[in-house]
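Chemist: Take a look at this one; I'll ask things after.
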Amino acid sequence: MSSLENKTSSTWLNSDRRRLIVQEYGIFLAFLLLVGILSVSNQFFLTPGNISNVLLQTSINGVLAIGMTFVILTRGIDLSVGSVVALAGMVSASFVTSSATAGVAGAPYPMVVALAVGILVGVGCGALVGFIVSRFSVPAFVATLGMLSAARGATLIYGGGKPVPALSPEFRWIGTGSILGIPMPVVLLAAVFLVSWWVLTRTRFGRYIYAVGGNPHAAKTSGLNVSRIRFLVYVISGALSGLAGMILSARTGSALPQAGIAYELDAIAAVVIGGTSLSGGVGRVTGTLIGALIIGVMNNGLDLMGIQSYYQQVLKGALIVGAVMLDQKRNQGV
Amino acid sequence: MKKLMIALASATVLLASSAMAQEKLKIGAAPYGLNAEFMQIWSAALEEHPAVKNGEIELTVFDGRYDALVQQEQFNTMITQKFNAIIFVPIDIEAGATAVQAAHDAGIPVVGSNTRVNSDLLAAYVGSDDTVSGYMEAKTVLDKIGCKGNVVIIEGPIGQSAQISRLEGNQKALAECPDVKVLEQQTANWSRAEAQTLMENWLTSHPGEINGVIGQNDEMALGAIEAIKAAGLNVGDFAIAGIDGVTDALNAVKEGTMTSILQDARAQAQGALDLAIFHAKQGDYKPQSDIWAQYPDMPFNDGKDKEYNVPWTPVTAENVDKLLDMRK
């Protein structure tokens with residue numbers, strides 16, 4: 001049984017892998033093309049300082065988009081990430097603020113406490129959504145739409161609608177510090193990417209995620225605990241949203257109740273541009289990273305050239321639809 | 001005996017207050033949304049108005065949730081429930097006019113506060129002139145850089161009334177310094193995170209060229225400061241200004257990294273409430289808020305005026321501690 005299962009899954013992977021390589025290659029070429037155009041048209045684009053800026057500006061969306069990739073691979077969607085960013089950012093900030101009015105009793109605590117709290121808030125939101133999706137078969141769109149609203153409300157209740165200022169320098173280090181000249185948010189994005197890449201390509205859990213998204217009924221019949229896997233991907237997305245929320249507040253120096261509004265859209269855009277299929281089972285975290293970089297590079301390049309941000313939105317829209325159109329065409333070709 | 005007296009006294013108070021409750025004026029406040037600090041200070045100030053505290057009026061605050069239609073429906077609710085007056089902070093200058101018209105038709109006076117509505121049916125308006133603050137903040141930046149060099153402008157959402165007026169003020173000040181060049185001018189939608197990204201990119205495309213940053217609100221000025229710090233530059237080498245006087249900005253002024261101009265939410269709210277009660281009682285009312293004494297330049301004038309301009313207060317090293325204390 002187990003050898004048979006392995007055989008079918010490996011041939012299934014093989015045909016898909018070929019298609020994926022083409023997809024990834026295509027998106028990578030598009031990325032290089034964009035970088036090429038911007039390097040030629042703007043003298044500052046390819047300077048070390050600007051490359052560091054682009055990576056820094058991509059880090060939060062990158063972390064969110066990687067979490068979103070796990071969810072979308074199982075045919076789900078997570079609309080709540082922006083609100084969870086705000087909630088986790090605010091709750092964790094209240095543990096490291098030196099403001100007498102905005103902090104919890106005994107604040108500021110050491111950074112690790114805030115980090116643990118922020119991740120836990122994210123995990124909590126993700127677990128609640130995952131539980132509702134996997135146990136009650138509520139569509140992910142609806143469950144996470146509910147969390148989008150609830151987590152935003154909880155953020156406003158928790159902070160009384162006010163920002164949490166004056167975060168400890170130790171905590172701010174995760175947003176403004178650097179290791180060997182590499183900004184901390186970029187280091188965190190790299191770590192999240194490597195671990196996620198390893199989980200999705202090298203572990204059994206990763207293969208199960210693809211199996212659940214590719215064909216949930218087949219996955220269930222072959223004995224996989226489908227609802228457990230569905231539950232866990234939302235927990236992963238929630239935890240990464242929590243991390244992103246802390247990077248954001250550490251960067252801006254203050255946790256704001258309006259933080260992260262519409263961040264879910266950029267995260268979904270990065271996943272889709274990166275070639276992950278919204279119908280599940282197909283896609284790669286490498287593609288997502290490149291998708292996030294494309295969005296970051298485009299926004300940065302247009303800013304450098306002094307082009308109004310409204311054009312950036314139009315271009316991003318065209319890019320999302322264009323990427324999926326190419327994807328569909330290629331799928332029909334295979 | 002003593003106990004009996006107390007019992008009698010409290011019974012009288014109870015009776016009196018229940019009798020008063022029937023006579024109580026019902027005033028509704030319709031701010032555009034309660035998610036940001038400014039409108040929170042505004043609505044908290046309403047609750048602290050003497051007429052609310054001593055139970056003279058019954059105040060209800062409706063959260064407009066940044067949606068013109070939601071605000072319109074809240075007006076309908078207030079009309080059906082026969083409110084005596086409405087304080088209105090519209091999200092949109094045009095869409096708000098329909099709501100004002102409906103209240104006017106029902107005979108309910110509407111007093112505008114903070115943001116404008118394109119209607120001549122308002123009983124009065126209490127706000128601050130954004131072109132003045134736009135001029136003042138640009139002037140502090142230009143003075144600091146000695147009327148020469150390069151500046152960038154970080155704008156609010158294009159088309160919002162505050163963005164339009166503050167830009168008008170910015171440009172008026174810039175016209176007085178023809179040698180100053182505006183290197184970049186873009187929106188960051190009042191957002192600190194967006195302004196931070198924008199400034200990071202501008203510091204790259206104009207290395208060593210930017211002398212001043214005109215942020216049309218405090219949040220965006222604060223985002224620019226974070227970008228300058230992150231780029232390893234000295235914030236003291238830049239002249240940076242914002243508007244509103246949010247708490248984080250007050251702290252930044254105290255550190256000496258920026259200048260800000262306080263928009264007095266408390267005066268706008270309490271002034272509007274005094275005028276709402278005045279019009280609900282058809283003139284049989286004396287204002288109770290201390291803001292009229294605070295701003296001798298803005299006299300109540302027996303409620304006759306259509307427009308009350310709350311003066312802007314530049315936040316300085318001298319007054320910042322006092323302003324911060326008021327926030328606690």
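Chemist: For the protein assembly as shown, with equal point scatterers placed on the C-alpha atoms only and solvent neglected, what are the log10 I(q)/I(0) values from the Debye formula at q = 0.05 1/Å, to two decimals?
Modeler: -0.28
Chemist: How shielded is A:307-315 by partner chains, expressed as the average number of their Cβ atoms within 10 Å of its Cβ atoms? Could you put the intermediate results ahead of the total?
Modeler: Values: counts 1, 4, 8, 3, 0, 0, 0, 0, 0.
If you average over the peptide's residues, the count of other-chain Cβ atoms is 2.
Chemist: Of the accessible area of segment A:100-217, with the probe set at 1.4 angstrom, what percent is carbon plus sulfur? Walk me through the intermediate numbers first.
Modeler: Working: 4290 of 5920 Å².
That fraction is 72 percent.
Chemist: About its Cα centre, how strong a charge dipole does chain A have in debye, to the nearest 20, once Lys and Arg get +1 and Asp and Glu get -1 at the Cβ?
Modeler: Details: 20 positive and 9 negative charges, 167 e Å.
About 800 debye.
Chemist: Taking each pair of different alpha-carbon atoms in chain A once, compute 1/r for the pair, average those values, and report the inverse of that mean as the Kirkwood hydrodynamic radius in Å to one decimal.
Modeler: Final number for the Kirkwood radius of chain A is 20.5 Å.
Chemist: Further question: In what sequence, highest mean first, do B:114-120, B:204-210, B:136-142 appear when ranked by Cβ atoms within 10 angstrom?
Modeler: B:136-142, B:114-120, B:204-210
Chemist: Over segment A:149-199, with a single point scatterer placed on each C-alpha, what log10 of the ratio I(q)/I(0) does the Debye formula yield at q = 0.22 1/Å?
Modeler: These q points yield log10 I(q)/I(0) values of -0.83.
Chemist: Also: So in the protein assembly as shown, what percent of DSSP beta bridges are antiparallel if you round to the nearest 5? Please report the intermediate quantities before stating the final value.
Modeler: Details: 7 of 41 bridges.
Looking only at bridges with both residues in the protein assembly as shown, the antiparallel portion is about 15 percent.
Chemist: Once amide H atoms are built 1.01 Å from N in the peptide plane, which residues 5 or more positions from residue B:87, or in another chain, come under 5 Å H to H?
Modeler: B:28, B:29, B:30, B:111
Chemist: I've got another one for you. Can you tell me the accessible area per residue over the protein assembly as shown, all protein chains present, probe 1.4 angstrom, in square angstrom? Provide the component values of the computation, followed by the final result.
Modeler: Working: 28850 Å² over 662 residues.
I get 44 Å² per residue for the protein assembly as shown.
Chemist: Next up: Given the -39500 (n - 2.57) contribution per DSSP H run of 4+ residues, what per-residue ellipticity at 222 nm results for chain B, rounded to the nearest 500 deg cm²/dmol?
Modeler: On the way: 13 runs with 153 residues, N = 328.
Mean residue ellipticity, 222 nm, calculated: -14500 deg cm²/dmol.
Chemist: Then there is this: Once you've got the Cα coordinates, tell me which of B:181/B:322; B:139/B:306; A:316/B:144; B:148/B:306; A:162/B:172; B:139/B:304 are over 31 Å apart.
Modeler: Check vs 31 Å cut-off fails for B:181/B:322; A:316/B:144; B:148/B:306; A:162/B:172; B:139/B:304.
Chemist: Shifting gears a bit: For chain B, which whole-number percentage of the solvent-accessible area (1.4 Å probe, protein heavy atoms only) is attributable to carbon and sulfur atoms?
Modeler: Carbon and sulfur: 54 percent of the exposed surface of chain B.
Chemist: Let me ask something additional. Choose one of A:310, A:111, B:42: the residue whose Cα lies farthest towards the positive end of the charge dipole of the protein assembly as shown (beta-carbon charges +1 Lys, Arg; -1 Asp, Glu; about the Cα centre).
Modeler: Toward the positive end, the furthest listed residue is A:111.
Chemist: Let me ask you something else. Whose amide H sits under 5 Å from the amide H of residue B:119, counting only residues 5 or more places off or on another chain, with H placed in the peptide plane?
Modeler: none
Chemist: Highest mean first, how do A:65-76, A:173-184 rank when packing is the count of other Cβ atoms within 10 Å averaged over residues?
Modeler: Working: A:65-76: 28.2, A:173-184: 15.0.
The most tightly packed comes first, giving A:65-76, A:173-184.
Chemist: Let me ask something else. What area, in nm² and to one decimal, does the C-alpha convex hull of segment B:229-328 cast on average over all directions?
Modeler: One quarter of the hull surface, i.e. the mean projection, equals 8.0 nm².
Chemist: Amide H to amide H, which residues 5 or more places from residue B:263 or on other chains are under 5 Å from it, using H placed in the peptide plane?
Modeler: Result for residue B:263 returns B:244, B:245.
Chemist: To the nearest whole percent, what portion of all C-alpha pairs in segment B:173-217 is separated by more than 12 angstrom?
Modeler: When all Cα pairs of segment B:173-217 are counted, 66 percent exceed 12 Å.
Chemist: Additional query: Which semi-axis lengths, in whole Å and largest first, follow from the square roots of five times the eigenvalues of the Cα gyration tensor of segment A:116-254?
Modeler: 32, 22, 9
Chemist: Continuing with the same structure: Using only the Cα atoms of segment A:123-182, what semi-axes does the equivalent ellipsoid have when each is the square root of 5 times a gyration tensor eigenvalue? Give whole Å, largest first.
Modeler: They are 32, 18, 8 Å, listed from largest to smallest.
Chemist: Would you look at the GNM of chain A, springs on alpha carbons closer than 10 Å, and say which of A:246, A:111, A:90 moves the most?
Modeler: Largest GNM mean-square fluctuation: A:111.
Chemist: Take each of the peptides A:235-244, B:41-50, A:200-209, B:259-268, average the number of other beta-carbon atoms within 10 Å over its residues, and list them starting from the highest.
Modeler: By packing density, highest mean first, the sequence is A:235-244, B:259-268, B:41-50, A:200-209.
Chemist: Write down the Å³ per residue value for the convex hull defined by the alpha carbon atoms of segment A:19-143.
Modeler: 172
Chemist: Where the convex hull is taken over the Cα atoms of segment B:30-118, what is its projected area averaged over directions, in nm²?
Modeler: For segment B:30-118, the mean projected area of the Cα convex hull comes to 5.3 nm².
Chemist: Sticking with this structure for a sec: Spelling out what I want: for every residue of segment B:146-156, take phi, set θ = phi - 60°, compute 6.51 cos²θ - 1.76 cosθ + 1.60 (Karplus), and round to whole Hz; glycine and proline get x.
Modeler: Computed from phi, the couplings for segment B:146-156 are x, 6, 8, x, 10, 10, 10, 10, 9, 9, x Hz.
Chemist: Measure out, as a whole number of angstrom, how far apart the alpha-carbon centroids of segment B:112-137 and segment A:100-165 sit.
Modeler: 37
Chemist: Now for a different question. Taking chain B on its own, what percent of its Cα-Cα pair distances exceed 32 Å? Write down the numbers at each step before the final one.
Modeler: On the way: 19507 of 53628 pairs.
The proportion of pairs with Cα distances above 32 Å equals 36 percent.
Chemist: Sticking with this one: Using the basic label-point model (7 angstrom from Cα toward the beta carbon), what is the residue A:179 to residue B:302 distance in nanometres?
Modeler: Here the modelled spin labels are 7.5 nm apart.
The values are calculated or read from the model by the stated rules, or taken from the named source; none is laboratory data. The structure displayed is predicted, hence computed values, not measured ones. So basically every Cβ, Gly included, is an ideal-geometry build from the backbone, and we count neighbours across all protein chains shown. Just so you know, the surface numbers come from the protein's heavy atoms only, side chains and all, with ligands and any DNA or RNA stripped out. Shrake-Rupley method; radii C 1.70, N 1.55, O 1.52, S 1.80 Å.
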